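Chemist: Got a structure for you, written out below as structure tokens; questions coming shortly.
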Amino acid sequence: MLRNGAGRQPDGGDPPGMSARPIEVVGGGVAGLALGLALRRANIPVTVYEAGDFPRHRVCGEFISGLDDRTRDALGLAPFLADAVPHRSVTYAVRGRGLPPFELPTAAWGISRHTLDARLARAFEAAGGILRRRTRVPEGPAPDGRVFAAGRSRQGPFWVGLKVHARGLALGTDFEVHLGDRAYVGLSRVEDGAVNVCGLFAPRPGGGGGVPLLLATLRAAGLGNLAERLEASDLDAASFCTCAAPLGDRRVGPADRLRLGDACATIPPFTGNGLAMALQGAESAVEPLRAYAEGRASWAAARRAVAGGQERRFRRRLLFASLLHPFLLGRGGQALLSGLARARLLPFRALYGVLH
């Protein structure tokens, strides 16, 4: 839209009374759909492009830790999380040896991406949003109004993410974390009673796929006891999925594009904070995008506002997570973690605070 100097607002926006500019969101994960739904509630025209379809399983801890009330209320998430399983107790095990359990300062929530993404997609369409399934947006210069909520960092190293749902699997605490040789695996229950088993592993030689790949990878990482527990349970082969997983970013992405979720930054999975960060990023983008859509701000101003807000909100947790992550992956760091935990010298609550 061309604007002459007399009609422009001081921040580069349009004069009042003009129709809302449309927003495009590339990526129909939790960040893209939650943002799209919030904008539709403000009568902003929104189209979401999703390469896959719904429902679908995703490699994800399915453990929402650190979601604050402000974000939950601003995005209207309560109905979507009504049957999520609350988790408070956590146990770490280092190469099969359990450490003393501890309690999270606030409850985390277990819900499968199979359920959550599909619920958000239905609500977005019911609110008048346009959802283009099985559609990829070509690479190239991004036009004004396009939000990127899909795609991870292209900088390595990349590890392997593996996930499956298990039934008939008893847990010692609400959330179990098993540390192995350059690997860790989280187990927690989701809304339908299944246990989500999701792990991050260093690449190892070997072929195969599906559930046998997960069991073989666990054994190769020194987690044979966990593999035996899984073999004795009812593993849902249809829920198995895998992906190339970055180890995490130290800071949010540049402001050349408006980025949310993993397109903005990935935090190491051990924090359990990835889903909460995606939703908090979406919440931080709502008002700047409304200002752009309603002609009160330029696209450049909206882009800078979202990038700056996420930088301020996420920089500390990304930095500390990147510094702590190596301790979970190597034998020396795991031994130190184990010793501190057994001596009751590990400040779990302080660590939780800086990581969330």
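The values are calculated or read from the model by the stated rules, or taken from the named source; none is laboratory data. Remember, it's a predicted structure, so these values are computed and weren't measured experimentally. Virtual Cβ from ideal backbone geometry, glycine too; neighbours counted across all protein chains shown. We work out accessible area using only protein heavy atoms, side chains counted, and drop any ligands, DNA or RNA first. Shrake-Rupley method; radii C 1.70, N 1.55, O 1.52, S 1.80 Å.
Chemist: Give the residue, chosen from R313, R317, that is in contact (Cβ under 8 Å) with a residue 12 or more places away in the chain and in contact with a His (Cβ under 7 Å, 6 or more places away or on another chain).
Modeler: On inspection, the qualifying residue turns out to be R317.
Chemist: Which is open to solvent by 10 Å² or more (accessible area, probe 1.4 Å) and outside any helix (DSSP H, G or I), of P254, P288?
Modeler: Exactly one residue qualifies, and that residue is P254.
Chemist: Might you let me know whether the range 145-158 holds any residue that is in contact with a strand residue (DSSP E or B) (Cβ under 9 Å, 6 or more places away or on another chain), of a type in the set (V, I, T) and at pLDDT 95 or above?
Modeler: Yes - at least one qualifying residue is present in the range 145-158.
Chemist: Tell me the residue from R349, R304 that is modelled with pLDDT under 90 and open to solvent by 20 Å² or more (accessible area, probe 1.4 Å), please.
Modeler: That would be R349, the only listed residue that is modelled with pLDDT under 90 and open to solvent by 20 Å² or more (accessible area, probe 1.4 Å).
Chemist: Something else about it: Those residues that are aliphatic (A, V, I, L, M) and either crowded, with 20+ Cβ neighbours inside 10 Å or assigned to a strand (DSSP E or B) (or both), I need them from the range 140-183; list them, please.
Modeler: The answer is V147, A149, A150, V160, L162, V164, A166, V177, L179, A183.
Chemist: If you scan the range 254-272, which residues turn out to be closer than 11 Å to Q310 by Cβ and modelled with pLDDT under 90?
Modeler: Across the range 254-272, the qualifying residue is only A255.
Chemist: Specify which of the listed residues (L218, L226) is closer than 26 Å to A84 by Cα, part of a helix (DSSP H, G or I) and either modelled with pLDDT of 95 or more or more than 20 Å from the chain's Cα centre (by Cα) (or both).
Modeler: Criteria check complete, one pass: L226.
Chemist: Identify, by number, the condition in (1) farther than 30 Å from G168 by Cβ; (2) touching a helix residue (DSSP H, G or I) at 6+ places or on another chain (Cβ under 6 Å); (3) in a helix (DSSP H, G or I); (4) open to solvent by 10 Å² or more (accessible area, probe 1.4 Å) that F270 doesn't meet.
Modeler: F270 satisfies all of (1) farther than 30 Å from G168 by Cβ; (2) touching a helix residue (DSSP H, G or I) at 6+ places or on another chain (Cβ under 6 Å); (3) in a helix (DSSP H, G or I); (4) open to solvent by 10 Å² or more (accessible area, probe 1.4 Å) except (1).
Results for (1) within 18 Å of the chain's Cα centre (by Cα); (2) open to solvent by 40 Å² or more (accessible area, probe 1.4 Å), shown as yes or no for each residue.
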site	(1), (2)
R21	no, no
V26	yes, no
A51	yes, yes
L67	yes, no
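Chemist: Of these, G186, G281, which one is within 16 Å of L328 (Cα to Cα), small (G, A, S) and not in a loop (DSSP other than H, G, I, E, B)?
Modeler: That would be G186, the only listed residue that is within 16 Å of L328 (Cα to Cα), small (G, A, S) and not in a loop (DSSP other than H, G, I, E, B).
Chemist: Considering the range 194-210 alone, what residues qualify as being hydrophobic (A, V, I, L, M, F, W, C) and open to solvent by 20 Å² or more (accessible area, probe 1.4 Å)?
Modeler: Of everything in the range 194-210, just one residue is hydrophobic (A, V, I, L, M, F, W, C) and open to solvent by 20 Å² or more (accessible area, probe 1.4 Å), namely C198.
Chemist: Another question, if that's okay. Out of the residues in the range 221-236 meeting the condition of being open to solvent by less than 60 Å² (accessible area, probe 1.4 Å) and touching a strand residue (DSSP E or B) at 6+ places or on another chain (Cβ under 8 Å), tell me which one is nearest to H57 (Cα to Cα).
Modeler: Once the filter is applied, the top-ranked residue is L235.
Chemist: I need a count of the residues in the range 106-136 that are within 26 Å of T266 (Cβ to Cβ) and open to solvent by 40 Å² or more (accessible area, probe 1.4 Å).
Modeler: Within the range 106-136, residues that are within 26 Å of T266 (Cβ to Cβ) and open to solvent by 40 Å² or more (accessible area, probe 1.4 Å) number 9.
Chemist: Do we find that S239 is over 30 Å from R331 (Cα atoms), assigned to a helix (DSSP H, G or I) and of a type outside the set (F, W, Y) in this structure?
Modeler: Considered against the rule, which asks whether it is over 30 Å from R331 (Cα atoms), assigned to a helix (DSSP H, G or I) and of a type outside the set (F, W, Y), S239 comes out as no.
Chemist: If you take the residues in the range 237-284 that are of a type in the set (D, E, K, R) and touching a strand residue (DSSP E or B) at 6+ places or on another chain (Cβ under 9 Å), which one is farthest from D117 (Cα to Cα)?
Modeler: By that ranking, first place goes to R257.
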